[in-house]
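Student: Pasting a structure below so you can have a look.
The values are calculated or read from the model by the stated rules, or taken from the named source; none is laboratory data. Predicted model, so just to flag it, every value in this text is computed and none were measured. Cβ: placed from backbone, ideal geometry, glycine included. Neighbour counts: every protein chain shown.
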Amino acid sequence: MAENGFNISLEKAVEEFDDLPINPELLPKLQALVQDEDSILIDIASLIKVDASLTAKLIRLCNSAYYSGGMGAVKSLEDAIGRLGVVQVYELVSMEVSRRFMNQEALDCYGLKSEDLWYCSMACAHCMESLAFNWGYSKDTAYTIGILGEIGKSLISKYAKNVLPGSPYDGEVLTPKLEKEIFGFTYADAGAEILKKWECPEDIWLPIQCHLNSLEKKAEAPLATLLSLSISVSRKLLKPVSGQNEWGTELKLVEDFGKSSEGFLNAIKVTQEKMSEVKDLLGAF
């Protein structure tokens, strides 16, 4: 039980986290298919077809001016995947999964508007992918971790609406320390437990669980440090802060992690470019 009397265990809270806007198993299963050299287009199409709305969006997007390039209209999901390519389809599905989970309502307890967490999850995913490429880790795994890295905040926000009003914490912007005091667990703990429930592999949920203390776990979960850096980058891109030492805290973490600052600064630039592309896509998706 947390100090304020919140008496729901993390396990129970995750069990009750079932108001889901999309099949939670879709993203990790799709990632596995994309990485499997033996998988075929029909396997990927069959998985996506479980979600009729997502299927329709992908076909519509493929026929948009952004992607059609003057080619004839596609009428099936299989044709859309063939035109877009499986890697591009995975990124687009990830974008929609993120938008459905993260863009449902404002997360007032974190000082975030309804669209902010979605923006940050996409920026985090692209930063993770770029850092992984620069530093020699799996890009696909890193991208998925970035998309899902803060999903635990959706769970905590659900309970915060009932717990915080009238309490000593009313009006506070939640930090991991306050989460621990109020609920007995952090958003990182919650996110990891959600992903375990969804049967995501350990290389996805472990970095999420460890990223608040990433350097302590860098041997067993090196992607936790990439996630910590990428979340920080996403926040500063959302609400830019200019100054001579703009990235000083992050560069110190990069140094302590034993990686190159050039790789980190390049990832920021790539993320900015990717997010510009994402904004262009929103009108078509």
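Student: Name the residues in the stretch 213-243 that are of a type in the set (A, V, I, L, M, F, W, C) and buried (at least 20 other Cβ atoms within 10 Å of the Cβ), would you?
Tutor: As a first pass, look at the stretch 213-243 and keep what is of a type in the set (A, V, I, L, M, F, W, C): 215, 219, 221, 223-224, 226-227, 229, 231, 233, 237-238, 241.
Selection gives Ala221, Leu223, Ala224, Leu226, Leu227, Leu229, Ile231, Val233.
Student: Examine the stretch 234-246 for a residue that is assigned to a helix (DSSP H, G or I) and over 30 Å from Asn162 (Cβ atoms), and state whether such a residue exists.
Tutor: As a first pass, look at the stretch 234-246 and keep what is assigned to a helix (DSSP H, G or I): 234-238.
Next, only the ones that are over 30 Å from Asn162 (Cβ atoms) stay: 236-237.
Looking for residues that are assigned to a helix (DSSP H, G or I) and over 30 Å from Asn162 (Cβ atoms), one finds at least one in the stretch 234-246, hence yes.
Student: Would you mind stating whether Ser46 is more than 29 Å from Trp205 (Cα to Cα), among the hydroxyl-bearing types (Ser, Thr, Tyr) and without any contact (Cβ under 8 Å) to a residue 24 or more places away in the chain? Before the answer, list the steps.
Tutor: Details: more than 29 Å from Trp205 (Cα to Cα): no; among the hydroxyl-bearing types (Ser, Thr, Tyr): yes; without any contact (Cβ under 8 Å) to a residue 24 or more places away in the chain: yes.
Answer is no for this residue.
Student: Sticking with this structure for a sec: Based on this model, can you work out whether Tyr67 counts as surrounded by 15 or more Cβ atoms within 10 Å (Cβ to Cβ) and either over 24 Å from the mean Cα position of the chain (by Cα) or more than 19 Å from Thr144 (Cα to Cα) (or both)?
Tutor: Numbers: surrounded by 15 or more Cβ atoms within 10 Å (Cβ to Cβ): yes; either over 24 Å from the mean Cα position of the chain (by Cα) or more than 19 Å from Thr144 (Cα to Cα) (or both): yes.
Yes.
Student: Determine which member of the set Val74, Val87 is closer than 24 Å to Lys269 by Cα, out of contact with any strand residue (DSSP E or B) (no Cβ under 6 Å at 6 or more places or on another chain), of a type in the set (Val, Ile, Thr) and modelled with pLDDT of 80 or more.
Tutor: Values: Val74 fails: closer than 24 Å to Lys269 by Cα.
So the residue among Val74, Val87 that is closer than 24 Å to Lys269 by Cα, out of contact with any strand residue (DSSP E or B) (no Cβ under 6 Å at 6 or more places or on another chain), of a type in the set (Val, Ile, Thr) and modelled with pLDDT of 80 or more is Val87.
Student: Of the conditions (1) touching a Pro at 6+ places or on another chain (Cβ under 9 Å); (2) within 26 Å of Ile8 (Cβ to Cβ), Ala142 satisfies every one except a single condition; which number is it?
Tutor: Unmet condition: (2).
Student: Would you say Gly166 is more than 20 Å from Leu112 (Cα to Cα), surrounded by fewer than 16 Cβ atoms within 10 Å (Cβ to Cβ) and small (Gly, Ala, Ser)? Spell out how you get there, then give the answer.
Tutor: Values: more than 20 Å from Leu112 (Cα to Cα): yes; surrounded by fewer than 16 Cβ atoms within 10 Å (Cβ to Cβ): yes; small (Gly, Ala, Ser): yes.
Criteria met by Gly166.
Student: Given the conditions (1) of a type outside the set (Asp, Glu); (2) touching a Phe, Trp or Tyr at 6+ places or on another chain (Cβ under 6 Å); (3) under 17 Å from Thr175 (Cα atoms), and given that Ser234 satisfies all but one, which numbered condition is not satisfied?
Tutor: Going through the list (1) of a type outside the set (Asp, Glu); (2) touching a Phe, Trp or Tyr at 6+ places or on another chain (Cβ under 6 Å); (3) under 17 Å from Thr175 (Cα atoms), Ser234 breaks only (2).
Student: It is to be established whether one or more residues within the stretch 178-188 are surrounded by fewer than 20 Cβ atoms within 10 Å (Cβ to Cβ), under 24 Å from Ile8 (Cα atoms) and under 18 Å from the mean Cα position of the chain (by Cα).
Tutor: no
Student: Which numbered condition in (1) surrounded by 20 or more Cβ atoms within 10 Å (Cβ to Cβ); (2) within 23 Å of Cys210 (Cβ to Cβ); (3) at pLDDT 85 or above is the only one that Leu107 fails?
Tutor: Single failed check for Leu107: (3).
Student: Checking the conditions here, which among Ser64, Ser68, Ser53 is small (Gly, Ala, Ser) and closer than 27 Å to Ser130 by Cβ?
Tutor: On the way: Ser68 fails: closer than 27 Å to Ser130 by Cβ; Ser53 fails: closer than 27 Å to Ser130 by Cβ.
Just a single option satisfies the conditions, and that option is Ser64.
Student: Let me ask something additional. Given (1) modelled with pLDDT of 85 or more; (2) surrounded by fewer than 18 Cβ atoms within 10 Å (Cβ to Cβ), identify the lone condition not met by Glu115.
Tutor: (1)
Student: Can you tell me which residue in the stretch 189-212 is surrounded by the fewest Cβ atoms within 10 Å (Cβ to Cβ), limited to those that are not in a helix (DSSP H, G or I) and not aromatic (Phe, Trp, Tyr)? Spell out how you get there, then give the answer.
Tutor: Pass one, the stretch 189-212, residues not in a helix (DSSP H, G or I): 198-201.
Subsequent filtering for residues that are not aromatic (Phe, Trp, Tyr) retains 199-201.
On the way: Glu199: 11, Cys200: 23, Pro201: 14.
This residue is Glu199.
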